[in-house]
Amino acid sequence: MFVFPALSAATAGAMLVLQILLAFAVSGARGQANIWIGIGNAPNLERAARRHANLAENAGLFVVGFTLLELSGRWPTLLLILCPGFIVVRLFHAVGLSQENTNNPFRLIGGVGTYLIGLVLGGALLWLSAVDAIARY
């Protein structure tokens with residue numbers, strides 16, 4: 001019987017909304033700078049584009065990982081920590097990249113938090129895969 005991966009879906013939904021909000025910010029920055037391709041010499045547009053691109057670089061793979069972990073039916077408490085944690089650290093990262101000085105605590109927390117969650121999620125998936133493979137074969 002299929003069980004809908006609700007926590008992963010909620011995380012995906014949050015990432016989609018954040019991605020669209022960041023895309024709107026890029027569009028607005030493009031309009032203000034009158035730059036329609038690339039970033040030209042517009043620091044505000046560059047920050048907006050990096051916020052958008054960085055989320056796009058990370059969110060999809062993490063959501064796939066969360067979904068696989070959730071579908072495994074194992075370690076639900078870990079998933080209850082990782083999914084909301086990922087949403088929070090990605091918000092921190094976006095706020096950090098919104099600042100004129102991008103060397104700030106928000107970006108640091110967002111970046112390091114993303115790395116840590118990724119390492120834990122990746123490690124959990126590798127562990128579960130190994131245990132399942134050993135048991136199956």
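Cβ-Cβ distance below 8 Å, separation of 6 or more or different chains: which pairs start in segment 81-104 with a residue that is within 18 Å of Ile117 (Cα to Cα) and end on one that is of a type in the set (Asp, Glu) and crowded, with 16+ Cβ neighbours inside 10 Å?
none
Name the residues in segment 39-55 that are aliphatic (A, V, I, L, M), over 16 Å from Gly13 (Cβ atoms) and in a helix (DSSP H, G or I), would you?
Leu45, Ala48, Ala49, Ala53
Please determine whether any residue of segment 79-88 is within 16 Å of Leu21 (Cα to Cα), modelled with pLDDT of 95 or more, in a helix (DSSP H, G or I) and not acidic (Asp, Glu).
Looking for residues that are within 16 Å of Leu21 (Cα to Cα), modelled with pLDDT of 95 or more, in a helix (DSSP H, G or I) and not acidic (Asp, Glu), one finds at least one in segment 79-88, hence yes.
Filter segment 20-42 down to the residues that are over 30 Å from Pro84 (Cβ atoms), loosely packed, with under 13 Cβ neighbours inside 10 Å and either aliphatic (A, V, I, L, M) or touching a residue at least 24 places away in the same chain (Cβ under 8 Å) (or both) and list them by number.
Ile37
Look through segment 2-19, keep the residues that are under 14 Å from Arg51 (Cα atoms) and touching a residue at least 60 places away in the same chain (Cβ under 8 Å), and return whichever of them is surrounded by the most Cβ atoms within 10 Å (Cβ to Cβ).
Out of the qualifying residues, it is Met15.
Are any residues in segment 96-137 in a helix (DSSP H, G or I), surrounded by fewer than 17 Cβ atoms within 10 Å (Cβ to Cβ) and hydroxyl-bearing (Ser, Thr, Tyr), and if so, which ones?
Residues satisfying the conditions are Tyr115, Ser129.
If Leu71 satisfies all but one of (1) in a helix (DSSP H, G or I); (2) aliphatic (A, V, I, L, M); (3) without any contact (Cβ under 8 Å) to a residue 12 or more places away in the chain, what's the number of the condition it fails?
Answer for Leu71: the failing condition is (3).
Are there any pairs, at least 6 apart or on different chains, whose C-beta atoms fall under 8 Å, with the first in segment 108-137 and over 18 Å from Thr11 (Cβ atoms) and at pLDDT 95 or above and the second surrounded by 13 or more Cβ atoms within 10 Å (Cβ to Cβ) and of a type in the set (Lys, Arg), and if so, which?
Every condition considered, the pairs that remain are Leu128/Arg74.
The values are calculated or read from the model by the stated rules, or taken from the named source; none is laboratory data. No experiment lies behind these values; they were computed from the predicted model shown. Positions of Cβ are generated from backbone atoms using ideal geometry, with glycine treated the same way; all protein chains shown enter the neighbour counts.
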